[in-house]
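All remarks here apply to the structure that follows.
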Amino acid sequence: MYKLLKQEGRAKRGEFHTVHGVIQTPVFMNVGTVAAIKGAVSTQDLQQIKTQVELSNTYHLHVRPGDEKIKAMGGLHKFMVWDKPILTDSGGFQVFSLAGLRKIKEEGVYFNSHIDGRKIFMGPEESMQIQSNLASTIAMAFDECPSSVAERSYVEASVARTTRWLERCKKEMARLNSLEDTINKKQMLFGINQGAIFDDIRIDHAKRISELDLDGYALGGLAVGESHEEMYHVLDVTVPYLPVDKPTYLMGVGTPANILEAVERGVDFFDCVYPSRNGRHGHVYTNHGKLNLFNQKYELDTRPIEEGCQCPTCQHYSRAYIRHLLKAKEMLGMRLCVLHNLYFYNNMMEEIRDALDEGRFHSYKEEKLYQMKQGENIK
């Protein structure tokens, strides 16, 4: 259940009550695709760095180790030792990202596994079954994510099929939640709005899926090649047609600036691989822009990544030491950067929530963006 606590313009401050605890929104979900955050970050670490929700991927866990094995282990929460909410992506994005390995039909999608080439079929029912086996808190509906540059006729047909698939997902989840051996009988379902960058298709689809009264709604098919301006425009025109009293999730987004802009447009759930991926390459986020710790100027820099940062990395280690670890290809270097970046994101979301609570989000956003831009200009 989603409780809207406050609004400032279209920005929302809420609480989402789940079987695995209350999620304070806006929230950034930390991406652990195969039930692990890349960069040797444990679930104990996640507790320490203010993580509220962990996100894993249906397709990847189905391929390895297998969702039935995870069910036999008591579900994803027990398997990875995490007691807070987990959202599982439906595998729909892999329909987009594994374009060379798949064939889309009305019943679902035929894949060749990216690991061993074996044939896999996934449709709405299969995606719901896998996610039920994983026993995540929130399951995403199975959809197709059309390319942002796809032809209008293709997008129209794809979105119509995604709507039909969503209705099948809803029906199948209700059935699965009623079964005796289902681990999480209170699994929630989020539908996904698609439509590439066509305003009218997006709006029509938002209206249509809103009628299904789901637990939450996502915007998919963004941050996949279109410009930031195009993405913000899609949010401007589409979000008003999604229920304000349900969570709105912008999938796969994004940079700190993207998040601030999207919160202002009414989005309250986010996920992105940027903080962990950038961290593994020595790129770290600060309130004054991004630093590349491989740069020689940090060779003798005794300061933490960011002065005043309360993350476990900045509490103990210098830029010089982390740079040395990265240069020496020591895994600890990656780990320390990923911990800092995820903390930075989680902490920024906490600042956003505080600003919304106090009715000063707009000024907070402007100041944060200005600060980051100034920092980038100085470097």
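Computed as a quarter of the hull surface, the mean projected area of the alpha carbon convex hull for the chain stands at 18.2 nm². Given 0.36 nm per residue, what is the gain on full extension from Asp236 to Leu332 after removing their alpha carbon distance, in nm? Extra length from Asp236 to Leu332 when fully extended: 30.4 nm. Loop only by DSSP, 11 or fewer other Cβ within 10 Å of the Cβ. Give me the GluC sites (Glu not before Pro) in segment 56-139 that pass, ordered by residue number. The qualifying sites are Glu106. Shape verdict for segment 279-378, please, from the Cα gyration tensor: rounded (a/c under 1.5), prolate (a/b greater than b/c) or oblate. Prolate, because a/c is 1.5 or more and a/b exceeds b/c.
Can you work out the base-10 log of I(q)/I(0) for segment 160-254 at q = 0.11 1/Å, using the Debye formula on its C-alpha atoms alone? Normalising to I(0) and taking log10 leaves -0.35.
Which of the listed residues, Gln310, Ser90, His20, is farthest toward the dipole's positive end in the chain, when Lys, Arg count +1 and Asp, Glu count -1 at the beta-carbon? Checking the options against the dipole of the chain, the answer is Gln310. Of all DSSP bridge pairs formed entirely within segment 20-133, close to 60 percent run antiparallel.
Dipole check for the chain: with +1 at the C-beta of Lys and Arg, -1 at the C-beta of Asp and Glu, and the Cα centre as origin, the magnitude is about 960 Debye.
Taking the dipole about the Cα centre of segment 44-181, with the C-beta of Lys and Arg at +1 and of Asp and Glu at -1, give me whichever of Pro124, Leu176, Thr137 is farthest to the positive side. Checked the options; the winner is Pro124. For the pair segment 1-80 / segment 326-379, the C-alpha centres are spaced 20 Å from each other.
Between 0 and 90 degrees, the angle of helix 124-134 with respect to the longest Cα principal axis of the chain falls at about 50 degrees. Among Glu306, Glu330, Glu226, the largest mean-square fluctuation in a Gaussian network model of the chain (Cα springs under 10 Å) belongs to Glu330.
In the structure shown, the pairs Lys69/Lys119; Lys12/Lys365; Lys50/Lys84; Lys50/Lys78; Lys3/Lys84; Lys329/Lys373 are assessed against 22 Å; a Cα-Cα span above that value is assigned to Lys329/Lys373. Computed from the C-beta positions of Asp181 and Lys6 and an R0 of 45 Å, the FRET efficiency is 0.65 to the nearest 0.05. Think of segment 279-378 as a dipole: +1 on every Lys or Arg Cβ, -1 on every Asp or Glu Cβ, centred on the Cα centre; then among Asn341, Ala320, Gln374, Ala320 lies furthest on the positive end.
Stretching the chain fully between Gln44 and Glu107 yields a gain of 18.6 nm (0.36 nm per residue, less the alpha carbon separation). Could you compute the FRET efficiency for Ser363 and Ala150, with r as their C-beta to C-beta distance and R0 at 35 Å, rounded to 0.05? Here the calculated transfer efficiency is 0.35.
Relative to one another, the C-alpha centroids of segment 90-166 and segment 239-303 are positioned 26 Å apart. Dividing the Cα radius of gyration of segment 60-145 by 2.2 N^0.38 Å, with N the residue count, gives 1.08. As a ratio to 2.2 N^0.38 Å, the alpha-carbon radius of gyration for segment 1-138 is 1.15.
P(r) for segment 128-178, from all Cα pairs and a bin width of 10 Å, is 24, 42, 24, 10, 0 %, short bins first. Take every pair of alpha-carbon atoms less than 8 Å apart whose residues are at least six positions apart; their mean separation over the length of the chain yields a relative contact order of 17 percent. Restricting attention to the chain, close to 50% of DSSP beta bridges with both partner residues there are antiparallel. Any idea what angle helix 199-210 forms with the longest principal axis of the chain, computed on alpha-carbon atoms, 0 to 90 degrees, nearest 10? Long axis of 199-210 versus the principal axis of the chain: about 70 degrees.
Values in this text are rule-based calculations from the coordinates and carry no lab data. Fair warning: this is a prediction, and the values are worked out from it, not measured in the lab. Positions of Cβ are generated from backbone atoms using ideal geometry, with glycine treated the same way; all protein chains shown enter the neighbour counts.
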